[in-house]
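First up is the structure itself, then whatever we jot down about it.
The values are calculated or read from the model by the stated rules, or taken from the named source; none is laboratory data. Only a predicted model underlies this, so the values are computations on that prediction, with no experimental measurement involved. Cβ: placed from backbone, ideal geometry, glycine included. Neighbour counts: every protein chain shown. These area figures cover heavy atoms from the full protein model, side chains too; ligands, DNA and RNA do not enter into them. Shrake-Rupley method; radii C 1.70, N 1.55, O 1.52, S 1.80 Å.
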Amino acid sequence: MSDLEKKSIDPATIQMLKKAQVDGCETIFDRADAMKPCPIGAEGSCCKHCVMGPCRVPAPKKKGETPAEKTRRTGLCGATAETISARNFARMVAAGTAAHSDHARGVTEVFLSTAKGEVPGFEIKDEQKLYQLAMDLGVEIGNRSVREIAIDVGHKALSEFGRQEGEILLAKRAPLKRQEIWRNLGVYPRGIDREVVDLLHRTCMGVDQEYKDLLLSAARCSLADGWGGSMISTELQDVLFGTPVPVMGKMNLGVLKKDEVNVVIHGHEPLLPEIIVGVLQDPEIQKAARTVGAKGINLTGMCCSANEVLMRHGIPVGGNFLQQELAIVTGVVDAMVVDVQCEMQSLAQVAKCYHTKLITTSPRAKIEGAMHMEFDERHAQDVAKKILMVAIDNYKNRKPNVEIPTETTDTVVGFSHETINYLLGGVFRASYRPLNENIINGRIRGIAGVVGCNNARVTHDEPNFILIKELIKNDVLVLVTGCSAMAAGKGGLLTPEAAKLYAGEGLASVCETVGIPPVLHMGACVDNSRILMAATAVVKDGGLGDDISDLPAAGAALEWMSEKAIAIGQYFVASGVFTVFGVTWPTTGSEEVTKYLFEEFENTLKGKWGFEPDPLKAAKLMIEHIDKKRKALGIDKARERVLFDMAKRRELDAA
Ligand code: XCC
């Protein structure tokens, strides 16, 4: 196997890496070879919170540091390795929370304008969800019109960002015991922006210099993401664009088409993509595409924007984070339209190697060398049409070096927590009861959320794919979001048939009865809030304890790279979930900080972090945790009864 072939388990990715090499076009994979990560930064030991530094306090090479040696290991101001490490970690949480929450603010503003009837092209699609949200936000329903309710919901949601005191309203959806834990620890989030500002302030030079206090504040900030910003964006996007229901879709670069105008939408906010999907049907646009010799317009998604339009419209997915440059390398992408987050600046360079127009659309995110066509919700359809026309005009500029991989995989996606409820219980008795019963009787051993990014420091898609396969083999139902969802999808795990092929007998039997895949695609990264809601629904249905931390459940992000992933991981932990990350762990510079996150959090928050880059070992850790929780619930015996050995399995197969 050549070095290039070790970069990804996905043949389409390898094929495009080879093409990029032939075309002389540099990608992130080349840069990862050329530049190694800074070892001191990687362990969280570099402090640049003032300009007397940067101060570097790397972890001691060998164990058994004396107190005197330890005292000498500080920054100029005396900040200890613990303070520096905790501050760096907390800043990641603040940045990740800010990203998800600013996305949510944008959605809320458009939602409010929609409710007021100010933005043509947007409408309220899911009234049922609006009513539920209204109740949770304390908005009166009565005999009021949808418009009146929606306006109040919009105002209430918007005020959650600037709220100065009290408790974030949607966090009241969490199990009561969980809320008590937050209150007792003083980590119940007050307002979304307030927690981000609070954490940025604390982590300034010379402010909070007690690592435990910093880490608890980071927990509070992350909760403002999971139960605040992220949840608001998921909820309002569902009300505006429809709550996802299972839909078929295709994944991987093979979805690009040689004889059509290819437009790739990449980023996170579904606002403009939703309008583009609508405008595509415009006969004028279709005609314009035919006029330039194309058979039509082929819209595909990349990263989390892809997840959004895939689960609501079945729009095919080009790929995940590490494939964004490679889509352009095919030579057939006429326009790549980006908004915010996870868009590599190198896209502008790669686009220059081919003919692709890179178009930025968010006022918050411009890229040097890209065209900027700003999304303005008041004229969203016009902007969408103009963008499509740029792509159509560019079709004729394609160069001869065109090559599209053939790989595409079928998937079934769109499992919102409401859909799971309905699928399991049926329309007349929608509930999580059947899921709980199957967990209690042991057919389903537990639930795992496998989420997060790709990372050029590890083999693309490999850790996520191996982990997910190992979990379902051991009867763990897996929920996926973000770029890991695409690793599962491209690997063929997002179909009902995957249950028979890969899942353990217990899980397979449940999936076959209900007709669902053993791995449920729940959406984009802000939709990790759906996992919180699903976990809460399981708790509320009864029989599995009275808090999320009682559930036989675990989380993982083995290919994480973004600060957003740390914010997500932290809110999972602060919601009571054991969460394992891979690649590298950003606090290894301080043993105390790492121990606090990995062990002591379990005593207070009842959730904890873990680190294990090897996917099989990570699966083992998660399954051991699940089994520990089953034992604590007294349901471990049930599972022993349903486990069959190989001889018994063969006997059953033969029968
Ligand atoms: Fe980005 Fe959301 Fe990570 Fe993928 S999973 S690399 S954050 S696109 Ni969100």
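Mind checking which residues of the stretch 70-99 are of a type in the set (D, E, K, R) and under 17 Å from residue 43 (Cβ atoms)?
First, the residues of the stretch 70-99 that are of a type in the set (D, E, K, R): 70, 72-73, 82, 87, 91.
Within the stretch 70-99, 70, 73, 82, 87, 91 qualify.
Are any of the residues in the stretch 192-199 crowded, with 17+ Cβ neighbours inside 10 Å, more than 29 Å from residue 244 (Cβ to Cβ) and basic (Lys, Arg)? Walk me through it before giving the result.
Within the stretch 192-199, the subset crowded, with 17+ Cβ neighbours inside 10 Å is 192-196, 198-199.
In the following step, the residues that additionally are more than 29 Å from residue 244 (Cβ to Cβ) were identified as 194, 198-199.
When the remaining residues are screened for being basic (Lys, Arg), the result is 194.
Yes: one or more hits.
How many residues, within the stretch 444-496, are out of contact with any Pro (no Cβ under 8 Å at 6 or more places or on another chain), away from the ligand (no atom under 14 Å from the Cβ) and of a type in the set (Asp, Glu)?
Final tally of qualifying residues: 1.
Got at least one residue in the stretch 618-625 being buried (at least 17 other Cβ atoms within 10 Å of the Cβ), under 19 Å from residue 536 (Cα atoms) and away from the ligand (no atom under 16 Å from the Cβ)?
We begin by selecting, within the stretch 618-625, every residue buried (at least 17 other Cβ atoms within 10 Å of the Cβ); these are 618-619, 621-623, 625.
Now restrict to residues that are under 19 Å from residue 536 (Cα atoms): 625.
Next, only the ones that are away from the ligand (no atom under 16 Å from the Cβ) stay: 625.
Scanning the stretch 618-625 turns up at least one residue that is buried (at least 17 other Cβ atoms within 10 Å of the Cβ), under 19 Å from residue 536 (Cα atoms) and away from the ligand (no atom under 16 Å from the Cβ).
Scan the stretch 379-421 for residues that are modelled with pLDDT of 95 or more, β-branched (Val, Ile, Thr) and closer than 30 Å to residue 246 by Cβ and jot them down.
Correct list: 387, 404, 406, 408, 409, 411, 412, 413.
Among the residues of the stretch 326-344, write down those that are over 17 Å from the mean Cα position of the chain (by Cα) and either part of a helix (DSSP H, G or I) or buried (at least 24 other Cβ atoms within 10 Å of the Cβ) (or both).
If the condition is that a residue be over 17 Å from the mean Cα position of the chain (by Cα) and either part of a helix (DSSP H, G or I) or buried (at least 24 other Cβ atoms within 10 Å of the Cβ) (or both), then 326, 327, 328, 329, 330, 332, 333, 334, 335, 336, 337, 338 are the ones that fit.
Would you check if residue 296 is closer than 26 Å to residue 32 by Cα, surrounded by fewer than 24 Cβ atoms within 10 Å (Cβ to Cβ) and modelled with pLDDT of 95 or more? Spell out the reasoning first.
Details: closer than 26 Å to residue 32 by Cα: no; surrounded by fewer than 24 Cβ atoms within 10 Å (Cβ to Cβ): yes; modelled with pLDDT of 95 or more: yes.
Spelling it out, it is not the case that residue 296 is closer than 26 Å to residue 32 by Cα, surrounded by fewer than 24 Cβ atoms within 10 Å (Cβ to Cβ) and modelled with pLDDT of 95 or more.
Does any residue in the stretch 258-272 that is under 15 Å from residue 389 (Cα atoms) come within less than 6 Å, Cβ to Cβ, of a residue that is basic (Lys, Arg) and in a loop (DSSP other than H, G, I, E, B) six or more places away or on a different chain, and which pairs are these?
Pairs that qualify, where the first residue is under 15 Å from residue 389 (Cα atoms) and the partner is basic (Lys, Arg) and in a loop (DSSP other than H, G, I, E, B), are 260/295.
Kindly indicate whether any position in the stretch 454-465 is in contact with a helix residue (DSSP H, G or I) (Cβ under 9 Å, 6 or more places away or on another chain), buried (at least 24 other Cβ atoms within 10 Å of the Cβ) and among the small types (Gly, Ala, Ser).
No - not one qualifying residue is present in the stretch 454-465.
So, restricting to helices (runs of 4 or more DSSP H) that lie completely within the stretch 142-250, which ones have at least 3 residues that are modelled with pLDDT of 95 or more and within 20 Å of residue 536 (Cα to Cα)? Give the derivation first.
Details: elements: 146-162, 176-185, 192-202, 211-224, 230-241.
Those helices (runs of 4 or more DSSP H) span 176-185, 211-224, 230-241.
Taking the stretch 520-543 as the region of interest, how many residues are within 16 Å of the ligand (Cβ to nearest atom), part of a helix (DSSP H, G or I) and not β-branched (Val, Ile, Thr)? Step through it out loud before you land on a result.
Residues of the stretch 520-543 within 16 Å of the ligand (Cβ to nearest atom): 521-532.
Next, only the ones that are part of a helix (DSSP H, G or I) stay: 525-532.
With not β-branched (Val, Ile, Thr) added as a condition, the list becomes 525, 527-530, 532.
Number satisfying all stated conditions: 6.
Say we look at the stretch 345-382 and pick out the residues that are hydroxyl-bearing (Ser, Thr, Tyr) and within 16 Å of the ligand (Cβ to nearest atom); which of these is surrounded by the fewest Cβ atoms within 10 Å (Cβ to Cβ)?
If we filter the stretch 345-382 for residues that are hydroxyl-bearing (Ser, Thr, Tyr), which is where we start, we get 346, 354, 356, 360-362.
Narrowing further to those that are within 16 Å of the ligand (Cβ to nearest atom): 346, 362.
Numbers: 346: 18, 362: 21.
Among them, the one singled out is 346.
Quickly run through the stretch 547-561 and pick out the residues that are among the acidic types (Asp, Glu) and within 14 Å of the ligand (Cβ to nearest atom).
Within the stretch 547-561, the subset among the acidic types (Asp, Glu) is 547, 550, 559.
The answer is 559, and nothing else.
This table checks each residue for (1) surrounded by fewer than 24 Cβ atoms within 10 Å (Cβ to Cβ); (2) within 16 Å of the ligand (Cβ to nearest atom); (3) without any contact (Cβ under 8 Å) to a residue 60 or more places away in the chain.
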position	(1), (2), (3)
518	no, no, yes
545	yes, no, no
563	yes, yes, no
567	no, yes, no
571	no, yes, no
584	yes, yes, no
588	yes, no, no
592	yes, no, no
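So residue 1 passes all but one of these: (1) within 31 Å of the chain's Cα centre (by Cα); (2) open to solvent by 30 Å² or more (accessible area, probe 1.4 Å); (3) of a type outside the set (Gly, Ala, Ser); (4) within 24 Å of residue 455 (Cα to Cα). Which condition number does it fail?
(1)
Exactly one condition in (1) in contact (Cβ under 8 Å) with a residue 40 or more places away in the chain; (2) open to solvent by 10 Å² or more (accessible area, probe 1.4 Å); (3) out of contact with any Gly (no Cβ under 7 Å at 6 or more places or on another chain) is not met by residue 246; state its number.
Checking residue 246 against (1) in contact (Cβ under 8 Å) with a residue 40 or more places away in the chain; (2) open to solvent by 10 Å² or more (accessible area, probe 1.4 Å); (3) out of contact with any Gly (no Cβ under 7 Å at 6 or more places or on another chain), the one that fails is (3).
To keep it simple, each residue is scored yes or no on (1) of a type in the set (S, T, N, Q); (2) more than 20 Å from the chain's Cα centre (by Cα); (3) farther than 26 Å from residue 163 by Cβ.
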| residue | (1), (2), (3) |
| --- | --- |
| 220 | no, no, no |
| 223 | no, no, no |
| 227 | no, no, no |
| 234 | yes, no, no |
| 247 | no, no, yes |
| 254 | no, yes, yes |
| 259 | no, yes, yes |
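Please work out if residue 319 is of a type in the set (Gly, Ala, Ser) and more than 23 Å from the chain's Cα centre (by Cα).
Details: of a type in the set (Gly, Ala, Ser): yes; more than 23 Å from the chain's Cα centre (by Cα): no.
Taking the combined requirement at face value, the residue does not satisfy it.
Can you report the number of residues in the stretch 383-420 which are farther than 25 Å from residue 348 by Cβ and open to solvent by 40 Å² or more (accessible area, probe 1.4 Å)? Quick ask: steps written out before the conclusion?
We begin by selecting, within the stretch 383-420, every residue farther than 25 Å from residue 348 by Cβ; these are 406-420.
Keeping just the survivors that are open to solvent by 40 Å² or more (accessible area, probe 1.4 Å) gives 406-408, 410, 418.
Summing the residues that are farther than 25 Å from residue 348 by Cβ and open to solvent by 40 Å² or more (accessible area, probe 1.4 Å) in the stretch 383-420 gives 5.
Taking into account only those residues within the stretch 27-73 that are in a loop (DSSP other than H, G, I, E, B) and among the small types (Gly, Ala, Ser), which is farthest from the chain's Cα centre (by Cα)?
Ranking the qualifying residues of the stretch 27-73, first place goes to 64.
Within the stretch 9-22, is there a residue that is surrounded by fewer than 16 Cβ atoms within 10 Å (Cβ to Cβ) and of a type in the set (Lys, Arg)?
yes
Of everything in the stretch 600-617 that's farther than 26 Å from residue 455 by Cα and not hydrophobic (A, V, I, L, M, F, W, C), which residue is most open to solvent (accessible area, probe 1.4 Å)? Reasoning before the result, please.
From the stretch 600-617, those farther than 26 Å from residue 455 by Cα are 600-606; that's our starting set.
After this cut, where a residue has to be not hydrophobic (A, V, I, L, M, F, W, C) as well, the list is 600, 602-604, 606.
Details: 600: 55, 602: 46, 603: 112, 604: 48, 606: 88 Å².
Applying the filter and picking the extreme gives 603.
What are the residues in the stretch 168-189 that are open to solvent by 50 Å² or more (accessible area, probe 1.4 Å) and not hydrophobic (A, V, I, L, M, F, W, C), if any?
Matches in the stretch 168-189: 172, 177, 180, 183, 184.
Select from the stretch 550-559 the residues that are open to solvent by 10 Å² or more (accessible area, probe 1.4 Å) and touching a Ser or Thr at 6+ places or on another chain (Cβ under 9 Å) and list them in ascending order.
If the condition is that a residue be open to solvent by 10 Å² or more (accessible area, probe 1.4 Å) and touching a Ser or Thr at 6+ places or on another chain (Cβ under 9 Å), then no residue fits.
Output the number of the condition that residue 103 fails; it satisfies all remaining conditions of (1) surrounded by fewer than 24 Cβ atoms within 10 Å (Cβ to Cβ); (2) in contact (Cβ under 8 Å) with a residue 60 or more places away in the chain; (3) within 25 Å of the chain's Cα centre (by Cα).
(1)
Condition (residue is of a type outside the set (Asp, Glu), over 23 Å from residue 386 (Cβ atoms) and assigned to a strand (DSSP E or B)) applied to the stretch 309-325: is it met by at least one residue?
Yes, the stretch 309-325 contains a residue that is of a type outside the set (Asp, Glu), over 23 Å from residue 386 (Cβ atoms) and assigned to a strand (DSSP E or B).
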